[in-house]
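Report on the following structure.
The values are calculated or read from the model by the stated rules, or taken from the named source; none is laboratory data. What you see is a predicted model, and the numbers here were worked out from it, not measured in a lab. Note: ideal-geometry Cβ built from the backbone for every residue, glycine included; neighbour counts use all protein chains shown. Note: areas computed on protein heavy atoms with side chains; ligands, DNA, RNA excluded. Shrake-Rupley method; radii C 1.70, N 1.55, O 1.52, S 1.80 Å.
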Amino acid sequence: MTDRHYYKTEFERCSESVLDIMAKWHRSKGINTPMPGWLFNRRTKHLSPKILSAVQQSLMMQERLAVEGKANGTVYSLLPEKSK
């Protein structure tokens with residue numbers, strides 16, 4: 001239990017929170033269904049805008065989160081993990 005809920009930094013906790021939200025979405029809706037931006041914003045409202053922006057940038061640089069602008073708004077989805 002400690003392995004799952006112990007974080008070295010607050011930033012790491014916030015990053016895992018976003019990944020958990022996205023993983024839950026993909027489990028219920030399917031891996032090919034991106035989360036609409038309005039719902040992503042609603043689910044991540046517990047994070048300050050500066051922290052959320054930094055987390056998004058970090059996860060995109062790590063190639064773990066995709067953020068795409070569509071005609072009807074922004075959508076978010078997890079990227080498949082690469083084999084090491």
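Per-structure values
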| quantity | calculated |
| --- | --- |
| Matching residues, segment 1-11, being assigned to a helix (DSSP H, G or I) and at pLDDT below 90 | T2, D3, R4, H5, E10 |
| Residue satisfying all of: in segment 40-84; of a type in the set (A, V, I, L, M) and surrounded by fewer than 15 Cβ atoms within 10 Å (Cβ to Cβ); modelled with the lowest pLDDT among these | A71 |
| Matching option when the condition is of a type in the set (D, E) and touching a Phe, Trp or Tyr at 6+ places or on another chain (Cβ under 8 Å), among E16, E12, E81 | E16 |
| Filter result (part of a loop (DSSP other than H, G, I, E, B) and open to solvent by less than 100 Å² (accessible area, probe 1.4 Å)) within segment 29-39 | G30, T33, P34 |
| Residue within segment 57-64 that is under 14 Å from E16 (Cβ atoms), in a helix (DSSP H, G or I) and hydrophobic (A, V, I, L, M, F, W, C) present | yes |
